[in-house]
Amino acid sequence: STLGGVVVSLVDIMRGVDFTAATSLPTIDQQQCPFQPHVILVPRGAPVSVLNSVPITHNIHTAAFDNRPVNRAQPHGAAGVELKFPIAEKVRLKCDIHEWMGAWVVVMNHPYYALTERDGSFTLRNVPPGNYRLEVWHDVLGTSNQRVSVKPQEVTTTSVTMAASSRKP
């Protein structure tokens, strides 16, 4: 079966197209208590807006290793909170008031990343020819890595298999 919402990225790429910030402001909204979307991809340093669209108070609490943590209340009707993460990593976003709420902000340091579609498909554009390590990450299933070879003037296809047993504690 296929799986959407999986982060796919090249890990060891050191050249290629210029890395530019997002053209639109990525947004996470607290709708009916879950964060929407559950996973968001952003370039490092790009702002992310967190909204609260329900008539109750939430809070925004980030858990990160390298980026500075955020923990602040967000009552209904308050302005969106803008977050910036200058260091590439996977940042957990939660609400301390509603412990079941969670999302991920995946901060990237290059433009070669994608979130899989519902059918599991993804596209990485303008990848220069070379051999790379492709990382596939899902917040429940964990991380899988494989080698991929990109040839000049060709479309490269690959298939990735993840199993619940690949989850790392």
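Derivation of every value follows stated rules applied to the coordinates shown; laboratory data play no part. Here the structure is a predicted model, which means the values were calculated and not measured. Methodologically, a virtual Cβ is constructed for each residue, glycine included, from the backbone with ideal geometry; neighbour enumeration extends over all protein chains shown.
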Efficiency of FRET from Cβ geometry, Thr27 and Leu115, R₀ 22 Å, rounded to 0.05: 0.90
In Å and on Cα atoms, what radius of gyration and Dmax does region 61-140 show? 15.9, 49
With Cβ to Cβ distances under 10 Å as the rule, what net charge do the other residues near Leu134 carry (K, R +1; D, E -1)? 0
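Averaging the inverse of every distinct alpha carbon separation and then flipping it gives the Kirkwood radius. What is it for region 1-96, in angstrom units? Kindly include the intermediate steps, with their values, before the conclusion.
Numbers: mean 1/r = 0.0675 Å⁻¹.
It works out to 14.8 Å.
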Could you point to the label whose value was computed as volume of the Cα convex hull per residue in Å³ for the structure here, given (1) 105; (2) 171; (3) 127? (3)
Mean separation of Cα contacts under 8 Å (at least 6 apart) over the residue count of region 1-122, i.e. the relative contact order in percent, is 34
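May I have the count of lysine pairs in region 35-169 with C-alpha atoms under 29 Å apart, counting pairs 8 or more residues apart or located on different chains? Don't jump to the answer; show the numbers that get you there.
On the way: Lys84/Lys94; Lys84/Lys168; Lys90/Lys168; Lys94/Lys168.
Number of lysine pairs found: 4.
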Taking the convex hull of the alpha-carbon atoms of region 72-112 and averaging its shadow over every direction gives an area in square nanometres of 3.9
Name the residue from Ile56, Phe35, Leu83 whose Cα lies farthest towards the positive end of the charge dipole of region 1-122, charges +1 on Cβ of Lys and Arg and -1 on Cβ of Asp and Glu. Leu83
What list of ³J(HN,Hα) couplings, whole Hz, do you get for region 92-101 from phi and the Karplus terms 6.51, -1.76, 1.60, once you set θ to phi - 60° and write x for glycine and proline? 7, 10, 9, 10, 5, 6, 10, 4, 7, 7
